[in-house]
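Below is one structure, written out as structure tokens; comments come after it.
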């Protein structure tokens, strides 16, 4: 009996010392250090990360988890500031959303040592949705918002399902589906404005119209998408649709000026002022 | 001209048919002044549950008491149950259980409306309702304000669904008291307001955080006890709710002098003097009377100067309109939304009193430039000044000056171009296009 208890005790000591030894590992600087162990220990996780856009652009373990192997590496990566260092542009829409407001006000009370699972946190942090259930192919299921009327392709259907999954942890399936029906349409209407402007600009060959078109796609349409994805009304509307409206009418004005010049040889024409373009993200 | 006439004829012929063919069941028609012109997008039901609520009948049948709800929902929706358990509703001597707000019959569950909450919180509901007598701006009138605006009725409903997430502050209480904790301590903090009170026409977030009050909140706010009521002596500095919802009063309109800054206001009317007195009493919680007096003097001067500038730019635009130099003209672009007269007598809208607030799209560049100056820069300057962020206000005034100069330059060029050559028809460019067509067909 003593021998058995002794063996168990020894086993326990060995396990604990092993864990301690792991915790006491020195800081890791090179990603190879992490991968040399975790490629074997967390096969699926590393494989998922390798498929991700993070891996393609060289964002590896320590960027989110830090270099101190002291058991807080998971909690650290669940904090919003693990992401916002790089994703500052995207974080504004989240911070102003109700999710983001609660995360700000309850930052000290959110227990991020708990896995990102339904019921563990009052509000989702970035990782909750974008690395849902620990999916290390970050954002695989969430981007992009599916276009209206093109949800039939299997890939799109799978994406539609994947992006709704984190929301359904807390919201009813009907609410989530409804949110995306309207949200997809809202984004598609933004795309219509971009396409209309692009067509209207077909004959234009000037830097101003190129700038406007670039801003439409890269800033203002993106704001609508971020606003829908992060539930920020401000980003959907003011930084989104009215901004796109302004772009579209400025492009049409430029196209109208060109028409008048080409038909009547008017010597000068009014160009859109750049002042009105500084109001939006 | 030809296309405008054709549109008119087609519109007159088709209108009865359109009205009939889009006749969805009565309960999914729009609401408000333009109700007959629009049907809500699906998400609308969540923003205005009293009007559009559609009980879920697919999931479950049966009638359940509170504890029975919790038995299932602790597993199905653990987050909601956990949140509720942390709320005062759960900790009350007689807990407020699920059916109190949602009903008992699972086939007929409803979303709570302000009236539902008012069943137990009648004073708060009465305060919110009282706002209506003060007119715009108001939380209680926010939904009407949204759906009655002409651009809301005109634009595709999925596009303007974005308006309703904020304007639903009139139709449900969880805009500020997030479900299912409904914690007053959360609603007292400035962040609770900023999901809606942010962005170009109302940068209240920027203004408050840039002010000395906001700076102090940013450094110390996390250490304060937010469970205390918004009363004198409980907080070192005021936050949004401290001033605008003094003593927890849910009526936020009785001190609203400047009407959001979008039109000129005489601050010296008898009514506004009464409102000013309320402000002075609020400031007097911490400051001597002169502080408030000086503050008002500066704010009045800032507003007067601003409106002198804005009216100057408006006159410039009206002169261009008088000389038919606004191109595309109102005849060459999609008709002004929801306006029958504008279909017969198209006219470019300039300034608040002509309703330009809905004419920020389908207009000429210079009109939109003025909209941006008036709606964004002016409001930034106002919000900064009104919240004690003078540097911010100054920055927006610099922007206003630059924009006003640019508009003047554009106006000169328009006059130059107007002298040369005959007018050509811009209708084909402005009345066609994917979004323009979609907008025409989907209001």
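The values are calculated or read from the model by the stated rules, or taken from the named source; none is laboratory data. Since we're looking at a predicted model, the values are computed, not measured. All Cβ positions, even for glycine, are placed from backbone atoms using ideal geometry, and neighbour counts span all protein chains on display.
Give, as residue ranges, the helices (runs of 4 or more DSSP H) completely inside the stretch B:172-286 that count at least 1 residues that are more than 14 Å from chain A (Cβ to nearest Cβ) and in contact with a helix residue (DSSP H, G or I) (Cβ under 8 Å, 6 or more places away or on another chain).
B:204-210, B:212-220, B:240-244, B:270-283
Taking residue A:61 as the residue in question, decide whether it is touching a helix residue (DSSP H, G or I) at 6+ places or on another chain (Cβ under 7 Å) and over 30 Å from residue A:220 (Cα atoms).
Yes: the conditions hold for residue A:61.
For a quick check of your reading of the model, give me the residue pairs whose first member lies in the stretch B:425-436 and is without any contact (Cβ under 8 Å) to a residue 40 or more places away in the chain and within 7 Å of another protein chain (Cβ to nearest Cβ), whose second is surrounded by fewer than 19 Cβ atoms within 10 Å (Cβ to Cβ) and assigned to a helix (DSSP H, G or I), with beta-carbon atoms closer than 8 Å and at least 6 apart or on different chains.
Pairs that qualify, where the first residue is without any contact (Cβ under 8 Å) to a residue 40 or more places away in the chain and within 7 Å of another protein chain (Cβ to nearest Cβ) and the partner is surrounded by fewer than 19 Cβ atoms within 10 Å (Cβ to Cβ) and assigned to a helix (DSSP H, G or I), are B:433/A:199; B:434/A:195; B:434/A:199; B:435/A:195.
Just checking, does the stretch A:184-196 include any residue being modelled with pLDDT of 90 or more, in a loop (DSSP other than H, G, I, E, B) and in the same structural domain as residue A:250 (by TED's automatic domain parsing)?
Within the stretch A:184-196, the subset modelled with pLDDT of 90 or more is A:185-196.
Narrowing further to those that are in a loop (DSSP other than H, G, I, E, B): none.
No: the stretch A:184-196 contains no residue that is modelled with pLDDT of 90 or more, in a loop (DSSP other than H, G, I, E, B) and in the same structural domain as residue A:250 (by TED's automatic domain parsing).
Given the criterion away from chain A (no Cβ under 14 Å), out of contact with any strand residue (DSSP E or B) (no Cβ under 7 Å at 6 or more places or on another chain) and part of a loop (DSSP other than H, G, I, E, B), identify the matching residue among B:61, B:68.
The conditions single out B:61.
Identify the residue in the stretch B:376-398 that is within 14 Å of chain A (Cβ to nearest Cβ) and under 19 Å from the mean Cα position of the chain (by Cα) and, among all such residues, is surrounded by the fewest Cβ atoms within 10 Å (Cβ to Cβ).
Step by step, filter the stretch B:376-398, then rank; the result is B:379.
Mind counting the residues in the stretch B:335-348 that are farther than 29 Å from residue B:266 by Cα and buried (at least 21 other Cβ atoms within 10 Å of the Cβ)?
Summing the residues that are farther than 29 Å from residue B:266 by Cα and buried (at least 21 other Cβ atoms within 10 Å of the Cβ) in the stretch B:335-348 gives 3.
For the stretch B:74-90, which positions are within 14 Å of chain A (Cβ to nearest Cβ) and surrounded by 16 or more Cβ atoms within 10 Å (Cβ to Cβ)? Full working, then the answer.
Quick first cut of the stretch B:74-90, residues within 14 Å of chain A (Cβ to nearest Cβ) only: B:74-87.
Within the stretch B:74-90, B:77, B:78, B:79, B:80, B:81, B:82, B:83, B:84, B:87 meet the criteria.
So, of the residues in the stretch A:113-129 that are more than 14 Å from every other protein chain (Cβ to nearest Cβ) and surrounded by 21 or more Cβ atoms within 10 Å (Cβ to Cβ), which turns out to be nearest to residue A:60 (Cα to Cα)?
Taking the candidates together, the pick is A:127.
Residues to consider are A:50, A:68, A:40; find the one that is out of contact with any helix residue (DSSP H, G or I) (no Cβ under 6 Å at 6 or more places or on another chain), in a loop (DSSP other than H, G, I, E, B) and at pLDDT 80 or above.
Values: A:50 fails: in a loop (DSSP other than H, G, I, E, B); A:40 fails: in a loop (DSSP other than H, G, I, E, B).
The conditions single out A:68.
Check whether at least one residue in the stretch B:316-323 is more than 30 Å from residue B:392 (Cβ to Cβ) and buried (at least 21 other Cβ atoms within 10 Å of the Cβ), and report yes or no.
Among the residues of the stretch B:316-323, at least one is more than 30 Å from residue B:392 (Cβ to Cβ) and buried (at least 21 other Cβ atoms within 10 Å of the Cβ), which makes the answer yes.
Give the residues of the stretch B:96-109 that are surrounded by 16 or more Cβ atoms within 10 Å (Cβ to Cβ) and part of a loop (DSSP other than H, G, I, E, B), sorted by residue number.
B:96, B:97, B:103, B:104, B:106, B:109
Conditions first: (1) touching a helix residue (DSSP H, G or I) at 6+ places or on another chain (Cβ under 8 Å); (2) over 29 Å from residue B:185 (Cα atoms); (3) at pLDDT 95 or above. Residue B:96 passes all but one, so which condition is the exception?
(2)
Keeping to the stretch B:148-171, report how many residues are in contact with a helix residue (DSSP H, G or I) (Cβ under 9 Å, 6 or more places away or on another chain) and either part of a loop (DSSP other than H, G, I, E, B) or closer than 20 Å to residue B:352 by Cβ (or both). Give the steps one after another, and end with the answer.
Pass one, the stretch B:148-171, residues in contact with a helix residue (DSSP H, G or I) (Cβ under 9 Å, 6 or more places away or on another chain): B:149-171.
Adding the requirement that they be either part of a loop (DSSP other than H, G, I, E, B) or closer than 20 Å to residue B:352 by Cβ (or both) leaves B:149-156, B:163, B:167, B:171.
The number of residues fulfilling the criteria is 11.
Residues that are outside any loop (DSSP other than H, G, I, E, B), buried (at least 20 other Cβ atoms within 10 Å of the Cβ), under 17 Å from the mean Cα position of the chain (by Cα) and modelled with pLDDT of 65 or more: does the stretch A:142-164 have at least one? Don't jump to the end; show me each part of the working.
Of the residues in the stretch A:142-164, the ones outside any loop (DSSP other than H, G, I, E, B) are A:154-164.
Then drop every residue that is not buried (at least 20 other Cβ atoms within 10 Å of the Cβ), which leaves A:163.
Checking the rest, the ones that are also under 17 Å from the mean Cα position of the chain (by Cα) come to A:163.
Subset that is modelled with pLDDT of 65 or more: A:163.
Scanning the stretch A:142-164, I find at least one residue that is outside any loop (DSSP other than H, G, I, E, B), buried (at least 20 other Cβ atoms within 10 Å of the Cβ), under 17 Å from the mean Cα position of the chain (by Cα) and modelled with pLDDT of 65 or more, so the answer is yes.
Given B:33, B:56, B:61, which one is under 35 Å from the mean Cα position of the chain (by Cα), surrounded by fewer than 18 Cβ atoms within 10 Å (Cβ to Cβ) and free of Cβ contacts under 8 Å to residues at least 60 places away in the same chain? Reasoning before the result, please.
Details: B:33 fails: free of Cβ contacts under 8 Å to residues at least 60 places away in the same chain; B:61 fails: under 35 Å from the mean Cα position of the chain (by Cα).
After applying the criteria, what remains is B:56.
Which members of the stretch B:341-367 meet the condition of being closer than 12 Å to residue B:328 by Cα and either outside the structural domain of residue B:411 (by TED's automatic domain parsing) or part of a helix (DSSP H, G or I) (or both)?
Residues satisfying the conditions are B:365, B:366, B:367.
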